[in-house]
Amino acid sequence: MGTLIYDEPGRIQEALKKFLKEDPTHRKNHCDWNELQRTVDATNQVAFTFMQQRSIGLAGFNPIGIQGKTMTSFERQIPLLTDEIKQWHRLNHQVVLVLNNQQRREGIERALEGENIAFIHSDTWIAKPNTVVILKGLLTDGFELPNSHLVVVVEGNIYGQQKRKLRNKPKKGQEINYFTDLTPGDYVVHNMHGIGKYIGLKTIETEGIHRDYIEIAYAGTDKLFLPANNLDQLQKYIGNEGDVPRINKMGGRDWSKVVTKAKKSIDDLADKLVEIYAQREITEGFAFLPDQPWQQEFEDAFPYEETEDQLQATAEIKESMERPVPMDRLLAGDVGFW
């Protein structure tokens, strides 16, 4: 009974699927998504999701759609902004400008007066047809809600966003040097026992001595308590984004088979690389020119602040491109920025 609320049910379904996949024994005490849906007993169910109803594993819901659009970047082209405002007014949209810089705000006001576009200042949200409402404040980005006849434009949409600093993502496959490098739920690889899941740090008393141990869960009920000073025996699991590894069983032969197969693949690859590199050394390539002014302008327009790794990769790739031999580089990374 009561009300059941789903927050992104598609993601909940995917997380449950991964949990059941990583260890077959989980199915003994946990149900899958379809069984969960059959056993739900709630008077009301509400789902918040960006996906359409038919693609999130829910049935019998009455969808209520809210249509929204991201705001255009005007790149300091004020005439484009005023033309767009006129079009929004023709569609009976309420236009709100959120501006914080006084000098820029006064410049926008002069442009509106020059185009005979009415505007007012306000400290709070108000609706006034065919009039631009100017609010003082800061918002990350603007938006348009066509069905609600509302348009919000922020200072960054007009003058361009300042470079935003990227969050550092933890590197996959790196050595684990500190306990802070691990988060409960991370997949780790032990030299002898293979892939397991890090549970946490546990203090165990042995013969009156308290010592810290790293608790790692393996398939079934197997657990490994690794002394904290043996942290170098672990590495973070390397896998494709979103891939859920199958946890190994302690004492089983699966991990040894994986290691043997990997070693053979490495030997085969090494032989091929030796042949390829020898051929590259005698092949003439195309040398690109060093950066020109327009290249610097293009890079300066990038809206994010690059990380040290990104700057290093860019510099090394440019250096290789300027050499008269075939470039031998592979740039691998996450798609997009977050």
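For an R0 of 22 angstrom, estimate the FRET efficiency from the Cβ-Cβ distance between THR203 and ASP181 and round to the nearest 0.05. So the FRET efficiency works out to roughly 0.70.
Could you give the length gained on full extension between ILE266 and GLN37, defined as 0.36 nm per residue of separation minus the Cα-Cα distance, in nm? Present the calculation step by step, with values, prior to reporting the outcome.
Values: separation 229, 0.36 × 229 = 82.44 nm, distance 4.62 nm.
Once the chain is fully extended between ILE266 and GLN37, it gains 77.8 nm.
Between 0 and 90 degrees, the angle of helix 102-114 with respect to the longest Cα principal axis of the chain falls at about 50 degrees.
Pairwise Cα distances in the stretch 201-319 exceed 24 Å for 64 percent of all pairs.
Taking a Cβ cut-off of under 15 Å around LEU289, the surrounding Lys, Arg, Asp and Glu residues balance to a net charge of -1, with basic ones at +1 and acidic ones at -1.
Over the chain, the hull volume per residue, using the convex hull of the C-alpha atoms, is 269 Å³.
Taken along the Cα-to-beta-carbon direction at a fixed 7 Å, the label points for GLU113 and ILE276 span 6.6 nm. Placing +1 on the Cβ of every Lys and Arg and -1 on the Cβ of every Asp and Glu, with no other charges, gives the stretch 1-154 a dipole of roughly 200 debye about its Cα centre. With R₀ fixed at 56 Å, the C-beta to C-beta distance from THR131 to GLU14 puts the FRET efficiency at about 0.75.
Taking 0.36 nm per residue of separation and subtracting the Cα-Cα distance, what length does fully extending GLU306 through ASN229 add?
On the way: separation 77, 0.36 × 77 = 27.72 nm, distance 3.58 nm.
Full extension from GLU306 to ASN229 adds 24.1 nm.
With contacts taken as Cα pairs under 8 Å at a separation of at least 6 residues, the chain carries a relative contact order of 14 percent.
Taking only Cα atoms, what is the 0 to 90° angle, nearest 10, from helix 78-90's long axis to the longest principal axis of the chain? Once rounded, one gets 80 degrees.
Could you pull out the pairs from LYS202/LYS261; LYS17/LYS257; LYS197/LYS272; LYS28/LYS264; LYS18/LYS318 whose alpha carbons sit more than 31 Å apart here?
Details: LYS202/LYS261 34 Å; LYS17/LYS257 26 Å; LYS197/LYS272 35 Å; LYS28/LYS264 37 Å; LYS18/LYS318 40 Å.
Cα-Cα > 31 Å for LYS202/LYS261; LYS197/LYS272; LYS28/LYS264; LYS18/LYS318; rest within.
Helices in the chain, meaning DSSP H runs of at least 4 residues, each add -39500 (n - 2.57). Divided by all residues, the mean residue ellipticity at 222 nm is -9500 deg cm²/dmol.
Taking the centroid of alpha carbons for each part, the stretch 181-259 and the stretch 122-164 are 51 Å apart. Taking Cα atoms, how many degrees apart are the long axis of helix 308-321 and the longest axis of the chain, rounded to 10 and kept between 0 and 90? Around 90 degrees separate the two axes. When MET192, MET327 are sorted by how many other C-beta atoms sit within 10 angstrom of their C-beta, beginning with the fewest, the order is MET192, MET327.
Evaluated with a Cβ-only charge set (Lys, Arg +1; Asp, Glu -1), the chain carries a dipole of roughly 1240 debye about its Cα centre, given to the nearest 20.
Quick one: if the Förster radius is 22 Å, what FRET efficiency do LEU138 and THR72 give, using the C-beta to C-beta distance and rounding to 0.05? Mind dumping the intermediate values first?
Details: r = 19 Å, r/R0 = 0.87.
Once rounded, the FRET efficiency stands at 0.70.
The numbers here are math on the coordinates, done by the rules we state, and not lab data. Keep in mind it's a predicted model, so treat the numbers as computed, not measured. Because the Cβ atoms are built from the backbone with ideal geometry, glycine has one as well, and the counts that use them run over all protein chains shown.
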